[in-house]
Structure formats: structure tokens, C-alpha cells
Number of protein chains: 2
Amino acid sequence: MKISNTVEWAIHCCTLLAGLPKGVNLSAKDLAEYHGVPHPYLAKALQTLSNDGIVKTISGPKGGYQLAKEPNNVSLLDIVLSIEGSDSCFECEEIRQQGPTALKRSASYKRPCLIAAAMWKAENVWRSELDKTKLSHLIEQVIIEADPRQMKKSQDWIEKRTP
Amino acid sequence: MKISNTVEWAIHCCTLLAGLPKGVNLSAKDLAEYHGVPHPYLAKALQTLSNDGIVKTISGPKGGYQLAKEPNNVSLLDIVLSIEGSDSCFECEEIRQQGPTALKRSASYKRPCLIAAAMWKAENVWRSELDKTKLSHLIEQVIIEADPRQMKKSQDWIEKRTP
DNA sequence: TTATTGCAGATAAAATTTATCCGTGATAAG
DNA sequence: CTTATCACGGATAAATTTTATCTGCAATAA
């Protein structure tokens, strides 16, 4: 039960894109360099985000990515589900219907297994908590908490690639 | 981000053990047969549960497993953490400290990354929800919901192996 | 037209999960 | 006190998933 670190990359990328001025975009290579992660693999994650309508693609030279929605309309859950897929992390194998004591074709198996129900409920709670954090919240907090020198450095770096 | 199905097996086994009369135990082979799952692999899971003090081992012939605690004192979280390990499912790589715009040795990195903090908070919510469901709750509900024929069949099967 | 960028699909390498086996120690029963 | 049954730890093997890269194609700005 481990979340891929591409999820972390994707969230950082989306947060960076969310802070960009309107109309400005960054390429996959830029994003990879900025975060110090391998470009080809990050590109895959960005393609997935693009397919799921979280980022918008600009083709051609000077192309790249922008956030496709308003930052207050993209949550951590959106990104996690895009990268990891939206399947439940707990899959019920219905083992209560296996083994020598199970009944054949019993109506009692129409209700979901109690164990699965409890696992799914916990996952829903997790998802709804993740959905509360929007990219706009992260940006606001970063502005408050981050070192001003870091902010400056970051802005300068972005301006160099986006004339 | 997928939970191993051995977690499902482990929960089912613990629930079954929790419903056993005091002093009665079931072997790994019995538990595997009852649930229709491979014996050697289930045995590994049971060993893990034993190491973590969730089940109690009875050695020798007619040996096997009992629940080590009261059913109202074992939660789904206990079992999940035992089988899956207690590491967080989200690992922060501190990628904010990588790349060309990061600062060296900045005090601003002493606070946890906001993204990691949000992910961890969601995981804590998930864990605390799982911790609410105790084996005793599952048993109570099963008694209410389950098909009486299934219950009978199950009891007969257990009595055959535990004179 | 050319160079740059994203995209889909194929492929390869690495890591993890899943599953089994064997030798050892414990112990109940004969 | 011998034997058969059981859990345990470690080693190992098979299968699957994750991670990572590459290639040819489409789009487009200069």
C-alpha cells in the first residue's frame, strides 16, 4: 500500500503551474529540471494529467503545459486519482463465498461483505479529506510560509523560460 | 496504491478466530481450507500477525491460532498495519529541496512540505476510521445479517475440527 | 521548411508482491 | 521416548507491477 512518487511529482508540477501567470506555460523538460526528476518519466505523468483534463497541452515549439482549470477547482484527490487510477485500494475477493461452508446462490451475499464495507468507508473518508485541499490553498500557504529568497529564485527561473 | 489481498484474508481469519469459544484454536491449514486460500502463503500472514501480538500461537499437534486479545480490542487498523507494515503510504522525497531554485541549508525547510502534510493528514483520517471498526463490531453485525444456514454450516465445520 | 514540443505505444530494467519449500523446535498422543 | 503434527524463520522462485526509456508521429511557432 504505497503511493507512487510520481504522484508527488505530479502534485508539485500542478502547484507550480497553478502559480503561473495566465497564458504562460512550462514544458515537460522545464518541469523536470525545476524539480530535479527524470524528464521522460515525468512526461508520462503529465500526459496522464492531460488525458484527465487536469492540465492543458500547448503543442509545438515553446509549447508545454498549463493548468486546465482554476486552482481552486483542482484538489489533491483529482491528481492522485488521475495518476494512481480511480480503483479502490481495497478489492473484495468475496472469500466469504469460498470454502466448504459457503452457500451456493444465497441472497445473503447480495449485501456487500462487512469487511469490504468498512475498508471502503475508510477509503472514502481518505478521499474526501484529500479533496478538501485545493491547489489554491497550497499556493496561499506557500506564499505565507516560504522563504522569500526561494520565491525570488523561483520567479527568476520561471521568467527566464517564459519571455 | 493497492492493499494486498492477504490483508483481506488476515481480517477474515481474525474475525473467525474472534468468534471462537475460549481456548479453542484453528490451525493455519484449517483457516486456509475454510477460506479457500493457499495454505503456505496464508501461514506467512498468520506468522506476521503472531509477531505483532494480534494472534496467539499454540505449538504442537492440535496446535494453531487463537486471537491474542479481546475482539473489542483488535481493530481493522491493527491488522492492516501488521500485514502491510506501518510506514506511511505517502513518502515525501523533499523534491522542493531539489532542482536549480532550491536553497541550500535553509531553515524554511524545517517545516514539513505542505503537500506531504496534506497527504499525511488524509492518511491519518483513514487510519482513525479503520481503527473505529473492531472485530467485535464485525461479529455482532454478522450475527444480525448473515444467513442462519451459513452460520449453522460454519459452526458445524468448526466443531468437527475442535472436539 | 525546420526545429521543438507533446503523444501513443513498445520495450526494457528494476523492484515488489506473491507463493512455495525446507530444516528446526515445540508438544500432544501413543 | 518415539512419532506425528504443528508453527516458525530463512531461502528461494515465479509472477506481477512499477519505473524508466526509446521511437516514430502529429502539431505548430519561427
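What shape does the range A:7-67 take by its C-alpha gyration tensor, where a ≥ b ≥ c are the square roots of the eigenvalues and a/c under 1.5 counts as rounded, a/b above b/c as prolate, and the rest as oblate? Note, shape of the range A:7-67 comes out rounded. In the full protein context, the range A:71-163 carries 55 Å² of accessible surface per residue, based on a 1.4 Å probe and ignoring ligands, DNA and RNA.
Evaluating 6.51 cos²θ - 1.76 cosθ + 1.60 at θ = phi - 60° for every residue in the range A:28-38, the Karplus couplings come out as 4, 5, 4, 4, 5, 5, 4, 9, x, 10, x Hz, glycine and proline recorded as x. Shortest first, A:Ser59 label-point distances to identical copies amount to 7.1 nm, with the label point at 7 Å from Cα along Cα→Cβ. If the chain linking A:Val24 and A:Lys153 were pulled fully straight, counting 0.36 nm for each residue of separation and taking away their Cα-Cα distance, it would gain 44.7 nm.
Is the range B:85-163 best put as rounded, prolate or oblate by its Cα gyration tensor, with a ≥ b ≥ c the root eigenvalues, rounded for a/c under 1.5, and otherwise prolate when a/b is larger than b/c, oblate when not? Note, shape of the range B:85-163 comes out prolate.
When all alpha-carbon pairs of the range A:70-114 are counted, what percent fall beyond 16 Å? Percent of Cα pairs beyond 16 Å in the range A:70-114: 58.
Distances, shortest first, from the label point of B:Ser106 to those at the same position in the other copies read 6.1 nm; the point lies 7 Å along Cα to C-beta. Projecting the alpha carbon convex hull of the protein assembly as shown along each direction and taking the average yields 19.9 nm². Look at the stretch A:83-92: the mean tally of other chain Cβ atoms within 10 Å of its residues' Cβ atoms is 3.
Inter-chain neighbour count for A:2-9: the average number of beta-carbon atoms from partner chains within 10 Å of each residue's beta-carbon is 5.
Straight-line cross-link partners of B:Lys110 among the aspartates and glutamates, defined as a Cα under 17 Å from its Cα and at least 8 positions apart when in the same chain: A:Glu145, A:Asp147, B:Glu91, B:Glu93, B:Glu94. With the convex hull drawn around the C-alpha atoms of chain A, the volume per residue stands at 149 Å³. Take the accessible area of chain A alone and of chain B alone, subtract that of the pair, and you get about 5600 Å² summed over both chains, using a 1.4 Å probe.
Of all lysines in the structure, the ones whose alpha carbon falls short of 17 Å from that of B:Lys56, not counting any fewer than 8 places away in one chain, are B:Lys22, B:Lys29, B:Lys44, B:Lys69.
Of all aspartates and glutamates in the structure, the ones whose alpha carbon falls short of 20 Å from that of A:Lys160, not counting any fewer than 8 places away in one chain, are A:Asp30, A:Glu33. Largest GNM mean-square fluctuation across A:Leu76, A:Leu26, A:Leu114, computed for chain A with C-alpha springs under 10 Å, falls on A:Leu114.
Using just its DSSP H runs of length 4 or more, each adding -39500 (n - 2.57), chain B gives a mean residue ellipticity at 222 nm of -17000 deg cm²/dmol after division by all residues. Centroid-to-centroid, using Cα positions, the range B:58-73 and the range B:77-132 are 35 Å apart. For the range A:141-156, the Karplus equation 6.51 cos²θ - 1.76 cosθ + 1.60, evaluated at θ = phi - 60°, returns couplings of 5, 4, 4, 6, 8, 6, 5, x, 5, 4, 4, 4, 4, 5, 4, 4 Hz by residue, with Gly and Pro reported as x. Computed extension gain for B:Ser59 through B:Glu93, at 0.36 nm per residue and net of the alpha carbon distance, reaches 7.8 nm.
The values are calculated or read from the model by the stated rules, or taken from the named source; none is laboratory data. Only a predicted model underlies this, so the values are computations on that prediction, with no experimental measurement involved. Here the Cβ is made from the backbone with ideal geometry for all residues, glycine too, and neighbour counts use every protein chain on show. Areas reflect the complete protein model, heavy atoms only, side chains present, ligands, DNA and RNA absent. Shrake-Rupley method; radii C 1.70, N 1.55, O 1.52, S 1.80 Å.
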